[in-house]
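Notes to accompany the following structure.
Every read-out reported here was derived from the displayed coordinates using simple, explicitly stated rules and does not represent laboratory data. Small disclaimer: the values here were computed from a predicted structure and weren't measured. Positions of Cβ are generated from backbone atoms using ideal geometry, with glycine treated the same way; all protein chains shown enter the neighbour counts.
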Amino acid sequence: MIVVTGASGQLGRLVIRELLKSLPAGQLAAAVRSPEKVADFADLGVHIRKADYTQPDTLATAFSGADKVLFISANEVGRRVSQHANVITAAKEAGVGLVGYVSILHAAGSPLNLAEEHRQTEALLAESGVPHVLLRNGWYTENYTGGIPTALQYGTLMGCAGDGKISSATRADFAAGAAAVMSADGQAGKVYELAGDEAYTLSEFAAELSAQAGKQVSYQNLSEDAYAQALQNAGVPAPFAMTLAQSETGASQGGLFDDSKTLSKLIGRPTTPLRESIQAALNAMAG
């Protein structure tokens, strides 16, 4: 039995779909805060288990009988360490044979503020003695393609990543990687630094978008504070705006670059090229 936490989220859903390609639905469990959000998985025969990172009792039930748990990190930045501790404790008490933790690229030395809670979680896993594997994911390409409508509207892509290279991959690519690891044997103790095959700057992203859209889009590099303020002006809550801006500063320092091609080797195919992701976003806009 493989339990996937956060299974109603954007990554978790894709992981379940990937696992269903090679495993019977009855061997999978979707652990979620709101079971009604994964009714479609229930219809396929996937077990549905309520799991709230802030409620240890639900985690104990969710992990009962689990051989493996794919542990997707919580989304409440700043509150994750205590929540993650609950997950690790529950996995240990349930005797889970392997925990796969979705961390961040090069967590040990990453300049991104986001990495700190991941470092602390990795330390908790090591201290717990629970067999585990680390899936250190890089940036999702969707983090940028999601902003294409606004960039086209104003003719400007804003950020503060400078000339930092970003080795992003799609959520589907990362989901395929997670499914490959969780369905394989002998994974305990491994660390995977996962990123896209192709690295680009945001100026290069803007150039590719311009070429495909037939409209000039320029990259405007701002200071971290100015970019955070721009995000807030666009409706992004202040704490999250600061997190995004600091992450781009981290990218300018190489924090989102990796050229090992570990992910493509793991999934047995190249990661999705940037041009394809941009084309898919433009097609979605066109309806």
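So the values come out like this:
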{"read-out": "Residue among Ser183, Ser203 that is surrounded by 14 or more Cβ atoms within 10 Å (Cβ to Cβ), within 30 Å of Val133 (Cβ to Cβ) and polar (S, T, N, Q)", "value": "Ser183"}
{"read-out": "Subset of region 1-33 [in contact with a Lys or Arg (Cβ under 8 Å, 6 or more places away or on another chain) and of a type in the set (Gly, Ala, Ser)]", "value": "Ala7, Ser8, Ala29, Ala30, Ala31"}
{"read-out": "From the options Leu209, Leu244, residue that is aliphatic (A, V, I, L, M) and crowded, with 20+ Cβ neighbours inside 10 Å", "value": "Leu209"}
{"read-out": "Residue list for region 60-117, filter: basic (Lys, Arg) and closer than 18 Å to Gly12 by Cα", "value": "Lys68, Arg80"}
{"read-out": "Of the criteria (1) closer than 25 Å to Gly287 by Cα; (2) in contact with a Ser or Thr (Cβ under 7 Å, 6 or more places away or on another chain); (3) buried (at least 16 other Cβ atoms within 10 Å of the Cβ), which one Asp197 fails", "value": "(1)"}
{"read-out": "Any hit, region 72-91, residues being buried (at least 17 other Cβ atoms within 10 Å of the Cβ), free of Cβ contacts under 8 Å to residues at least 24 places away in the same chain and in contact with an Asp or Glu (Cβ under 6 Å, 6 or more places away or on another chain)", "value": "no"}
{"read-out": "Boolean, Gly26 is surrounded by fewer than 16 Cβ atoms within 10 Å (Cβ to Cβ), over 22 Å from Ile267 (Cα atoms), touching a residue at least 24 places away in the same chain (Cβ under 8 Å) and of a type outside the set (D, E, K, R)", "value": "no"}
{"read-out": "Candidates Val236, Val217, filtered to the one that is buried (at least 16 other Cβ atoms within 10 Å of the Cβ), of a type in the set (Val, Ile, Thr), in contact (Cβ under 8 Å) with a residue 40 or more places away in the chain and more than 30 Å from Leu98 (Cα to Cα)", "value": "Val217"}
